[in-house]
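The values are calculated or read from the model by the stated rules, or taken from the named source; none is laboratory data. What you see is a predicted model; the values in this text were computed from it and never measured. Cβ: placed from backbone, ideal geometry, glycine included. Neighbour counts: every protein chain shown. Just so you know, the surface numbers come from the protein's heavy atoms only, side chains and all, with ligands and any DNA or RNA stripped out. Shrake-Rupley method; radii C 1.70, N 1.55, O 1.52, S 1.80 Å.
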Amino acid sequence: MKKKLVVIGNGMAGMRALEELLDLAPNNYDVTVFGAEPHVNYNRIMLSPVLAREQAFEDIIINDLAWYEDNNICLRAHEKIVAINRSNKTIISDQDRITPYDILWLATGSDPFIIPIPGKDLKGVTTFRDMSDVTTMIDASETYQNAVVIGGGLLGLEAAYGLKKNGMKVTVIHLADTLMERQLDEAAGFLLKSELESRDITILTGANTGALVGKDRVESVQLKDGTEIPADLVVMAVGIRPNMTLARAAGLECNRGVVVNDHLQTSDPDIFAVGECVEHNGLTYGLVSPLYEMGRAMAGYMVGHGSRYKGSVTSTKLKVTGVELFSAGDFNGGPDCEDIVFRDARRGVYKRLVIKDDRIVGAVLYGDAADGPWYFQLMKDKDKIADIRDYMIFGQALAMGDNAADPMAAVTALPDKAEICGCNGVCKGAITSAILTKGLTSLDEVRAHTKASASCGSCTHLVEQVMALTLGDSYQAPTATPMCGCTDHTHDDVRHLILHHQLKEIPAVMQMLQWKTPNGCSKCRPALNYYLIAAWPGEYQDDYQSRYINERVHANIQKDGTYSVVPRMWGGLTTPNELRAIADVTDKFNIPTVKVTGGQRIDLLGVKKEDLPGVWADLNAAGMVSGHAYGKSLRTVKTCVGQEWCRFGTQMSMGMGVDLERMAWGSWTPHKFKMAVSGCPRNCAEATIKDFGVVAVDSGWELHVGGNGGMHVRACDLLCKVTTDAEVKEYCAAFMQLYREEGHYLERTAPWVERVGLDSIKQRIVEDAENRANLAKRFHISQQGNQQDPWAERAKHNVHAHEFKPLADVG
């Protein structure tokens, strides 16, 4: 007599295990399968195409009714098991059917997680887990317009894609800063976000859902920052949890899932579990491959093969809305890992391999995932990759082929008609011909005559290879210094290409300009952040994590780990009220040192990091704001007492200094920027060693630029003389803006003036009134969003509050 095998769950994991068992021993068991859904076994992964109406349900069926009948399986669909009675080895269904078993398989899968927020039970709120959910969404799309998907993981994005295909206006809300952060790194996540946005799907990352609003049916989604998004349909796709309800009620050992051994046996030797409901060696799995591996091991053990499940190394090869993705292993890397990165901006391809101890430990591929399985196999086999390291990022075909020995071989093999520059349609033969017939020897000459690499610059390296191939030893590669090791582009190239390509996010810059590293480094990220701020005022959102520590916490760290706080004193002026506030804050927070600075301000030294918001709040209450003594920005405007008090003063220098400081405070510049205003040629404010110095004379004002104190003192150059206060301000704004637009990050005005030449600056600011006015106008536009006190934002509104929390004591 056959043993009775009962399977609870008609999904992919349970039925695949059953297929394995039937292959090994088709006649060993009398099999009964219970499924809560009214369907035969279908491919849950393919629900997305069904939602998008690209396929019908019939197309995703794995095993039809004939399969059950042919294998003598009793299928009880649409019948949910509500209890397991281990004492008499029976199960009970919601139809009060009692079924005995000898062996019981739990294949109960997982349940979608519902965020416990107000409104979660409103009509129009659904998950994306089974055919019933798909039907709900399709029905809603035929009546309603606005859909919100909560969750930017794989399921959420597939739901968004399907709903968009059904004609709905779709918004995706995702708590993390990048999409699919468990499968993709920041760069790949950005590319995916851009692709979805190009398909008119709105993506909100870093967005935290607060409530669902509506009377009977959901009407909107309210974020915790107060944003409200219209929603007739809300899809919660924020994750799954192993379904342990039956197992736990039956007294089986459960933790994160139903605990099993290597044979997939639960704490009851007659009950096995397989699939997403399982916890094996502390791990749970949600991908198909591990579930199938479990089923194979379980079936083998059932027929006496002694098979064991050893856990799974997972990879993910997906196609989200038509975009190929591959992810495997540890793609976050770490200090003991290194990255190999390939970017092809025109094709929208990004590849990243993470290497540790000469082996691949992680991989992320976007746009071209053809070599994913090869990388995955190298990773699983722990093969050393030293011999193919230089070529493997280009794929298996090149790395394992004959071309691997010669990096120029690929360029040599290209026919003359091969396109080198996609932007301008320049082929290899045209470049070669121009080099030979016109005697071109430099990249600039090739660009001028052929336009190759003159637009996006992404083919520059290839053009240089063609030049090297054509000119042989006479070719000398350009010697321009790149920004850092992450790129071959110079600062000027990057600034130009950001504007040319309308690049408005750091990942977009890295992708388009083919950065060699996945996320940049401490040199290029702050520079890119500044260049984007300068290029797109009001549009680009400051990436504060790309700033150095002083700018992140808005104070200067000292050698003992405490911070200094310098409130702004406009033009070096202060009031009794401000001085009292400084005295009070010093006493209140036991600040050990108070120092008058060379910039005519007061520095509070020795402030604990956790006290910073409190100190700022008290200073704000007295009307003081940040002095930006830590920033690549306007620092001070030093003044003498001028005509207001001095008998030698010829102009009102204090008033001018205050006006200039109020005009320019808060502006971000390539490096720190200092100003001074002296009331007469005696120059008591030392204005001629400042970035912008103003010296009063009888006829008006002298304007000096490019000065610098410190280790390498440089006296200013005289820019010009003006007669009115308004001219001083216009010239100052124009000069600052020109420096902001042309200076390299961490380049003071002194080397910048020497690099571009004083004559060039005079030509554009002094001699060209229209250009000067336009520069000043752009400066004032940028200031509209800059003049917000960062101390007030942190003291009153808890912006980046985590930066100021003390570390917990451990041990």
**Message:** Given R₀ = 60 Å, what would the calculated FRET efficiency be for Lys595 paired with Asp23, taking r from the Cβ atoms and rounding to 0.05?
**Reply:** 0.15
**Complete:** Expressed in µm² per second, the diffusion coefficient of segment 758-800 from the Stokes-Einstein equation, with Rh the Kirkwood radius over alpha carbon pairs, at 37 °C and 0.692 mPa s, is 258 µm²/s
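At 0.890 mPa s and 25 °C, plugging the Kirkwood radius over alpha-carbon pairs of segment 491-546 into Stokes-Einstein gives what diffusion coefficient in µm²/s?
221 µm²/s
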**Item:** Filter on Lys169/Lys504; Lys224/Lys356; Lys193/Lys559; Lys3/Lys382; Lys351/Lys523; Lys120/Lys805 - keep pairs with C-alpha separation over 31 Å
**Value:** Lys224/Lys356; Lys193/Lys559; Lys3/Lys382; Lys120/Lys805
**Request:** First compute the accessible area of segment 491-546 with a 1.4 Å probe, then give the percent of it belonging to carbon and sulfur atoms.
**Result:** 48 percent
**Message:** Translational diffusion coefficient of segment 8-118 at 25 °C, 0.890 mPa s, Stokes-Einstein with Kirkwood Rh over Cα pairs, in µm²/s as a whole number.
**Reply:** 158 µm²/s
**From phi via Karplus (6.51, -1.76, 1.60), per-residue ³J(HN,Hα) for segment 661-672 in Hz, x at Gly/Pro** = 5, 5, 6, 10, 5, x, 6, 8, 10, x, 9, 4
**Asked** Put +1 on the Cβ of every Lys and Arg and -1 on every Asp and Glu Cβ in the chain; which of Gln783, Ala13, Ala363 then has its Cα farthest towards the positive end of the dipole?
**Response** Gln783
**Projected label distance in nm at His780 and Gln95, using a 7 Å step from Cα toward the beta-carbon** = 7.9 nm
**Prompt:** Along the three principal axes, how long is segment 112-241 when you take its alpha carbons, biggest first, rounded to the nearest angstrom?
**Reply:** 41, 29, 28
**Cα-centred dipole magnitude for segment 87-129, charges only on beta-carbon of K, R (+1) and D, E (-1), debye, nearest 20** = 140 debye
**Asked** Once the piece of chain linking Lys3 and Lys559 is laid out straight, how much longer is it, given 0.36 nm per residue of separation minus the C-alpha distance between them?
**Response** 192.6 nm
**Request:** Enter the angle in degrees (range 0 to 90, nearest 10) between the Cα long axis of helix 372-381 and the first principal axis of the Cα atoms of the chain, meaning the one along which they spread out most.
**Result:** 80 degrees
**Asked** Restricting to the chain, what percent of DSSP beta bridges are antiparallel, rounded to 5?
**Response** 60 percent
**Item:** Surface share of carbon and sulfur [accessible, 1.4 angstrom probe, percent] for segment 549-622
**Value:** 53 percent
**Fill in**
Bridge orientation stat for segment 634-784 from DSSP, antiparallel percent rounded to 5, came to 60 percent
**Item:** Table column - 3J(HN,Hα) (Hz), segment 760-775, Karplus curve with 6.51, -1.76, 1.60, x for Gly and Pro
**Value:** 5, 5, 4, 4, 8, 10, 7, 8, 10, 5, 5, 5, 4, 5, 5, 4
**Asked** Once amide H atoms are placed 1.01 Å from N in the peptide plane, what residues at a sequence separation of 5 or more from Cys521, or on another chain, have their amide H within under 5 Å of its amide H?
**Response** none
**Fill in**
Counting only residues 5 or more apart in sequence or on a different chain, those whose built amide H sits under 5 Å from that of Thr487 are Lys516
**Size of charge dipole - segment 491-546 - debye, nearest 20, with Cβ of Lys, Arg +1 and Asp, Glu -1, no other charges** = 180 debye
**Fill in**
Kirkwood Rh for the chain from C-alpha pairs, in Å, is 31.6 Å
**Item:** segment 725-746 versus segment 561-594: alpha-carbon centroid distance in Å
**Value:** 30 Å
**Complete:** Along the dipole axis of the chain (charges at Cβ: +1 for Lys and Arg, -1 for Asp and Glu; origin at the Cα centre), the most positive-end residue among Ala66, Ser110, Val221 is Val221
**Item:** Ile549 versus Thr575: modelled label distance in nm, points set 7 Å from Cα along the beta carbon direction
**Value:** 3.6 nm
**Fill in**
Helix 460-471: inclination vs the chain longest Cα principal axis, degrees, rounded to 10, gives 80 degrees
**Prompt:** Which angle from 0 to 90°, rounded to the nearest 10, does the C-alpha axis of helix 576-588 make with the longest principal axis of the chain?
**Reply:** 40 degrees
**Complete:** Mean Cβ-within-10 Å packing, highest first, puts peptides 76-84, 272-280 in the order 272-280, 76-84
**Request:** Under a cut-off of 28 Å between alpha-carbon atoms, report the lysines in cross-link reach of Lys4, not counting same-chain residues fewer than 8 places apart.
**Result:** Lys80, Lys89, Lys310
**Request:** Give the carbon-plus-sulfur fraction of the accessible surface of segment 112-241 in %, rounded to a whole number; probe 1.4 Å, heavy atoms of protein chains only.
**Result:** 47 percent
**Item:** Environment charge of Asp659, counting only residues whose C-beta is closer than 10 Å and scoring Lys/Arg +1, Asp/Glu -1
**Value:** 0
**Message:** In Å², and per residue, what accessible area does the chain have when probed at 1.4 Å with the other protein chains present?
**Reply:** 45 Å²
**Request:** For segment 634-784, count all C-alpha to C-alpha pairs, find those more than 22 Å apart, and express that count as a whole percent of the total.
**Result:** 32 percent
**Request:** Determine ³J(HN,Hα), in whole Hz, for all residues of segment 210-224 in sequence, where each value follows from phi through the Karplus function 6.51 cos²θ - 1.76 cosθ + 1.60 and θ = phi - 60°; x replaces Gly and Pro.
**Result:** x, 6, 9, 10, x, 8, 9, 10, 4, 10, 7, 10, 9, 7, 5
**Request:** Please quote Rg/Rh for segment 549-622 to two decimal places, taking the Kirkwood radius as Rh and restricting both calculations to Cα atoms.
**Result:** 0.93
**Message:** Projecting each Cα onto the charge dipole of segment 549-622 (Lys/Arg +1, Asp/Glu -1 at the beta carbon, about the Cα centre), which of Val607, Tyr563, Asn550 comes out farthest on the positive side?
**Reply:** Asn550
**Message:** With bins 5 Å wide starting at 0, give me the P(r) of segment 659-712 over every alpha carbon pair, in whole percents.
**Reply:** 5, 20, 27, 25, 15, 7, 2
**Magnitude of the charge dipole, the chain, Cβ model with Lys/Arg +1 and Asp/Glu -1, debye to 20** = 1460 debye
**Request:** Would you mind getting me the FRET efficiency between Thr143 and Val82? Use the beta-carbon distance for r and R0 = 25 Å, nearest 0.05.
**Result:** 0.15
